[in-house]
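**Q** One structure is given below, represented as structure tokens, and several questions about it will come after.
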Amino acid sequence: MLKTPLCELLGIEKPVFQGGMAWIADASLASAVSEAGGLGIIAAMNADANWLRDQIHELRTKTDKPFGVNVMLMSPFADEVAQVVIDERVPVVVTGAGNPAKYMKAWNEAGIKVIPVVASVALARLVARRGATAVVAEGTESGGHIGETSTMALVPQVVDAVDIPVVAAGGIADGRGVAAAFMLGAAGVQVGTRFLVANECTVSEQYKEMVLKANDTSTRATGRSTGHPVRALKSPFTNAYAKSEAAGVSVEELGAMGTGALRKAAKDGNYEEGSFLCGQIAGMVSERQSAREIVDDLVDGAERVLKGASAWVA
Ligand code: TUI
């Protein structure tokens with residue numbers, strides 16, 4: 001049994017979070033992960049209050065286990081979504097793509113467990129002071145909006161900087177990655193890319209096929225010049241975007257290029273125009289499985305590796 005203080009803190013059986021992937025992490029995937037004993041997370045992404053409320057209600061018809069909502073702080077609907085999680089008594093809020101400080105007092109007062117995703121020690125320290133229950137330390141191996149520091153370097157530095165549990169994210173897709181995260185001091189992991197091919201994941205078939213075919217060099221980060229780098233599978237969209245970026249196209253124009261591209265990938269499976277956000281570990285994701293099989297394999301695999309680890313000590 002792989003149990004950490006994070007399990008008790010959140011009332012979950014297994015220390016595995018499913019990443020709050022924009023346009024992808026809906027009630028279908030999140031309820032399946034929570035039912036499997038992990039923490040399923042609905043991504044509020046750029047959606048409005050009504051969409052999120054409907055998703056929360058749908059999830060609750062499928063599971064009564066704890067779940068989370070990921071509040072993407074760059075969303076134009078962040079304020080209304082921040083209120084929905086209070087009104088709906090969501091047990092856990094995970095934040096991304098910014099500093100959640102302005103919402104934390106209200107969320108804490110509502111009894112919500114707040115777990116910000118951080119890409120730096122500075123933000124980890126800040127949110128710990130503001131009453132975060134835990135932090136997700138997300139390395140640059142991750143898909144989507146990323147920071148600069150790798151998981152290997154970030155996780156132990158965040159662990160040393162804060163007194164709350166740290167969840168490792170970025171580049172983790174099997175038991176070896178989970179065990180390695182624990183060795184760095186993490187009390188849990190967040191996994192996105194492997195859940196893209198879960199049976200319960202409603203993302204387009206095109207997206208799933210691209211992840212299954214990916215190898216170790218299939219992703220690239222673009223958008224560094226905009227201050228918001230994003231990792232995705234190499235595609236006509238990333239080629240065009242990188243060309244525009246190199247040609248010095250304005251941040252506004254680059255932003256316009258990105259608008260709608262996530263939806264085109266996730267919902268329409270539009271290979272030419274979609275942005276297929278994906279982590280560097282995609283090359284290791286080669287099998288479609290249920291969310292339960294994925295959660296169990298992550299945990300069972302980590303147990304095997306951790307039990308065998310003492311073989312290296314004389
Ligand atoms: O947020 C994520 N991953 C995401 S959000 C997203 S939707 C999106 N699409 C296009 C452009 C932008 C967003 C897709 N993937 N991960 C968590 C994360 N947070 N990664 C990096 C950060 C981060 C970066 C800077 C957090 C805070 C920050 O600055 C904090 C400050 O002080 O402002």
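**Q** Given Ala261, Ala291, which one is under 17 Å from the mean Cα position of the chain (by Cα), among the small types (Gly, Ala, Ser) and closer than 21 Å to Gly20 by Cβ?
**A** Ala291
**Q** If you go through region 113-150, how many residues are under 15 Å from the mean Cα position of the chain (by Cα) and either modelled with pLDDT under 95 or assigned to a strand (DSSP E or B) (or both)?
**A** Residues in region 113-150 being under 15 Å from the mean Cα position of the chain (by Cα) and either modelled with pLDDT under 95 or assigned to a strand (DSSP E or B) (or both): 11 in total.
**Q** Which ones in region 224-237 are within 14 Å of the ligand (Cβ to nearest atom) and farther than 18 Å from Gly192 by Cβ? Spell out how you get there, then give the answer.
**A** Keep residues of region 224-237 that are within 14 Å of the ligand (Cβ to nearest atom), which gives 224-233, 237.
Within region 224-237, Arg224, Ser225, Thr226, Gly227, Phe237 meet the criteria.
**Q** Could you grab me the full set of residues in region 1-22 that are at pLDDT below 95 and either surrounded by 18 or more Cβ atoms within 10 Å (Cβ to Cβ) or under 14 Å from Ala198 (Cβ atoms) (or both)?
**A** Leu2
Residue-wise test of (1) more than 25 Å from Val135 (Cβ to Cβ); (2) without any contact (Cβ under 8 Å) to a residue 40 or more places away in the chain; (3) not acidic (Asp, Glu).
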{"site": "Gln206", "(1), (2), (3)": "yes, no, yes"}
{"site": "Ala232", "(1), (2), (3)": "no, no, yes"}
{"site": "Leu254", "(1), (2), (3)": "yes, yes, yes"}
{"site": "Lys267", "(1), (2), (3)": "yes, no, yes"}
{"site": "Ile294", "(1), (2), (3)": "no, no, yes"}
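**Q** Residue under question is Glu148, and the condition is that it be surrounded by fewer than 24 Cβ atoms within 10 Å (Cβ to Cβ) and near the ligand (Cβ under 10 Å from one of its atoms); does it hold?
**A** Numbers: surrounded by fewer than 24 Cβ atoms within 10 Å (Cβ to Cβ): yes; near the ligand (Cβ under 10 Å from one of its atoms): yes.
So Glu148 fits the description; yes.
**Q** What residue, among those in region 95-118 that are under 21 Å from Pro66 (Cα atoms) and more than 16 Å from the ligand (Cβ to nearest atom), is surrounded by the most Cβ atoms within 10 Å (Cβ to Cβ)?
**A** Only one residue tops the list, namely Trp107.
Here's the yes/no breakdown for (1) within 16 Å of the ligand (Cβ to nearest atom); (2) modelled with pLDDT of 95 or more; (3) in a loop (DSSP other than H, G, I, E, B); (4) exposed (fewer than 15 other Cβ atoms within 10 Å of the Cβ):
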position	(1), (2), (3), (4)
Arg263	yes, yes, no, no
Val299	no, yes, no, no
Ala302	no, yes, no, no
Ala314	no, no, yes, yes
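**Q** Give region 267-293 a look and list any residue that's touching a helix residue (DSSP H, G or I) at 6+ places or on another chain (Cβ under 6 Å) and part of a helix (DSSP H, G or I), or say none.
**A** If the condition is that a residue be touching a helix residue (DSSP H, G or I) at 6+ places or on another chain (Cβ under 6 Å) and part of a helix (DSSP H, G or I), then Ile281, Ala282, Ala291 are the ones that fit.
**Q** Pro15 fails exactly one of the following numbered conditions: (1) in contact with a Cys (Cβ under 9 Å, 6 or more places away or on another chain); (2) within 16 Å of the ligand (Cβ to nearest atom). What is the number of that condition?
**A** Every listed condition holds for Pro15 apart from (2).
**Q** Okay, next question. Out of Val92, Val121, which single residue is more than 13 Å from the ligand (Cβ to nearest atom), on the phi < 0 side of the Ramachandran plot and in contact (Cβ under 8 Å) with a residue 12 or more places away in the chain?
**A** When all the criteria are applied, what remains is Val92.
**Q** Answer yes or no: is there a residue in region 159-167 that is within 12 Å of the chain's Cα centre (by Cα) and under 22 Å from Pro229 (Cβ atoms). Talk me through it step by step, then tell me what you get.
**A** Residues of region 159-167 within 12 Å of the chain's Cα centre (by Cα): 167.
Among the residues that remain, those that are also under 22 Å from Pro229 (Cβ atoms) are: 167.
Yes, region 159-167 contains at least one residue that is within 12 Å of the chain's Cα centre (by Cα) and under 22 Å from Pro229 (Cβ atoms).
**Q** Can you tell me which residue in region 124-138 is surrounded by the most Cβ atoms within 10 Å (Cβ to Cβ), limited to those that are among the basic types (Lys, Arg) and within 13 Å of the ligand (Cβ to nearest atom)?
**A** Step one: of region 124-138, the residues among the basic types (Lys, Arg) are 125, 129-130.
Subset that is within 13 Å of the ligand (Cβ to nearest atom): 125, 130.
Working: Arg125: 15, Arg130: 18.
Once the filter is applied, the top-ranked residue is Arg130.
**Q** Filter region 78-89 for residues that are within 16 Å of the ligand (Cβ to nearest atom) and in contact with a helix residue (DSSP H, G or I) (Cβ under 7 Å, 6 or more places away or on another chain) and give the result. Let's see the steps before the verdict.
**A** Step one: of region 78-89, the residues within 16 Å of the ligand (Cβ to nearest atom) are 78, 81-82.
Of everything in region 78-89, those that are within 16 Å of the ligand (Cβ to nearest atom) and in contact with a helix residue (DSSP H, G or I) (Cβ under 7 Å, 6 or more places away or on another chain) turn out to be Val81, Ala82.
**Q** For the list (1) touching a residue at least 12 places away in the same chain (Cβ under 8 Å); (2) away from the ligand (no atom under 15 Å from the Cβ); (3) charged (D, E, K, R); (4) over 18 Å from Asp296 (Cβ atoms), I need the number of the one condition that Lys65 fails.
**A** Status for Lys65: all satisfied but (4).
**Q** Please find, within region 1-44, the residue that is farthest from the chain's Cα centre (by Cα) out of those that are more than 21 Å from Pro165 (Cα to Cα) and of a type outside the set (A, V, I, L, M, F, W, C). Give the derivation first.
**A** Just the residues of region 1-44 that are more than 21 Å from Pro165 (Cα to Cα), to begin with: 21-32, 35-36, 42-44.
If we keep only those that are of a type outside the set (A, V, I, L, M, F, W, C) too, we end up with 26, 28, 31, 35.
Working: Asp26: 13, Ser28: 16, Ser31: 15, Glu35: 18 Å.
Among them, the one singled out is Glu35.
**Q** Scan Val94, Val85, Val81 and give me the residue that is modelled with pLDDT of 95 or more and not in a helix (DSSP H, G or I).
**A** Of Val94, Val85, Val81, the one residue that is modelled with pLDDT of 95 or more and not in a helix (DSSP H, G or I) is Val94.
The values are calculated or read from the model by the stated rules, or taken from the named source; none is laboratory data. All figures in this text were calculated on a predicted structure; none of them were measured in a lab. A quick note on method: Cβ atoms are made from the backbone with ideal geometry, for glycine too, and the neighbour counts reach across all protein chains shown.
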